[in-house]
Amino acid sequence: MSRTTAASSSPPTKCRTTRASTHSVSSSHGNWRIRRPAPWTARTEEAGNRSWISACFTSRTGKRTTLPPSTTCSSTARASPTGTVSPRFGCPSGTSTPSGGAYPNPALAAAALAARTERVRLRAGSVVAPLHDPLTVVEDWAFVDNLSRGRVDLALATGWNAHDFVLAPERYAARRAHTLDSLAEVRDLWAGRTVERTDGKGRQARVTTYPRPVQPDLDLWLTCSSHPAGFEQAGALGLNVLTALLFQRVEDLVPRIRAYRAARERAGHDPDAGRVTLMVHTFVGESDDAVREVVRAPFLEYLASSVDLWRDRWPELGVHSGPRLLDHAFERYFRTSALLGSVVKCVRFVARLREAGVDEVASLIDFGAPAPATLDALHRLGRVRHAFVS
């Protein structure tokens, strides 16, 4: 931890000035070489095109894990050299459920990927803000920004699963207010400004963070599960939106995205500049039937690992329980709420999302399908992606 601190009555003085090297490390034919850093400037080869597709990780720990999460993550990054890889922030410190437990801190996964990639954006999706001090959030991600030469993005979430808040139970009730406070401090610290904290002797001190990031500005997303007010709040704050179909349908997105863009405009932000990113479970195969055969069993196990988190949020499933509940949940995803199926089926689904106002599809790929098949499916996902590159 490297920070600049000072009592409020005196100018800032450096407590510790240890900095990470700004050199990045990449692999070449199995050997490591050192490259001089150069700031990343182009977002992707598709800058300016909407509805492009990225990879997102939400791996659960369990008996069906076929490769270590780090292997799946880095293999996907190599297969998608110009896309965006987003290690998803799952259950903090692995305290709640196996779902997401492989990535309790997305900065660690992103740091590993930063050393192995050159043209991949690295995004946290999401850091549950009430469970972290903005000082550590900015320290961690500024370090990754240096490792990656400026390829970091960040999504913040309020959190909603009470079990995750064993780390900070006093913040659960006011978690939205804590997230907004954290957002302001993350922006300040990233820009090099100071925030106030109480030091070990009870004095008020102004504190900033090191290392300084490569990017002068940080692209920020606010994670919105389904509540319309969350979309409007993100718009008013000039943030991007990260959302999913866990607690909403595609048709529900239409009025929420409209409200988001209207809120941006009312607050003086460009209504078209904000990006709406939708996380969807993804496996693209040769045919719908072939995909169903491959993904059904692991997806049912994946659903079972987090059933207590979503069961009460789907009113249409209230009459079911046990295996029938999981079967109906799987069919809901497969038919209407995921990129599961042939290239043709998935292209149609992305087109539907585009019509709803979605700008980016974050493909959740590591839900338990066999790793070789998952990586092979990325090539067909590329065919879906290219259908929307103008």
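Summary table
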| item | result |
| --- | --- |
| Identity of the residue in the range 209-260, in a loop (DSSP other than H, G, I, E, B), touching a residue at least 60 places away in the same chain (Cβ under 8 Å) and touching a Gly at 6+ places or on another chain (Cβ under 6 Å), that ends up farthest from LEU156 (Cα to Cα) | VAL214 |
| Number of positions in the range 341-376 that are closer than 17 Å to ALA55 by Cα and either within 20 Å of the chain's Cα centre (by Cα) or in a loop (DSSP other than H, G, I, E, B) (or both) | 17 |
| Only one of VAL280, VAL291 that is under 24 Å from the mean Cα position of the chain (by Cα) and under 25 Å from PHE334 (Cα atoms) | VAL280 |
| Selected residue (only one of ASP140, ASP133, ASP153, ASP145 is touching an Asp or Glu at 6+ places or on another chain (Cβ under 6 Å) and under 19 Å from LEU108 (Cα atoms)) | ASP153 |
| Subset of the range 155-193 (residues that are more than 20 Å from the chain's Cα centre (by Cα) and part of a loop (DSSP other than H, G, I, E, B)) | ALA168, TYR172, ALA173, ALA174, ALA191, GLY192, ARG193 |
| Criterion violated by GLN248 - all others in (1) surrounded by fewer than 20 Cβ atoms within 10 Å (Cβ to Cβ); (2) farther than 21 Å from VAL361 by Cα; (3) in contact with a helix residue (DSSP H, G or I) (Cβ under 9 Å, 6 or more places away or on another chain) satisfied | (2) |
| Matching residues in the range 281-307 - criterion: being within 14 Å of GLY368 (Cα to Cα) and of a type in the set (Ser, Thr, Tyr) | THR282, TYR302, SER305, SER306 |
| Hits in the range 178-203 - residues which are of a type in the set (A, V, I, L, M) and either touching a helix residue (DSSP H, G or I) at 6+ places or on another chain (Cβ under 9 Å) or loosely packed, with under 12 Cβ neighbours inside 10 Å (or both) | LEU180, LEU183, ALA184, VAL186, LEU189, VAL195 |
| Of all residues making up the range 122-136, the number that are in a helix (DSSP H, G or I) and over 14 Å from the mean Cα position of the chain (by Cα) | 5 |
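Rule-based calculations on the coordinates, nothing more; no lab input. Computed from a prediction, not measured in an experiment: that's the story for all the values here. Every residue, glycine as well, gets a Cβ built from its backbone with ideal geometry; the counts of neighbours run over all protein chains shown.
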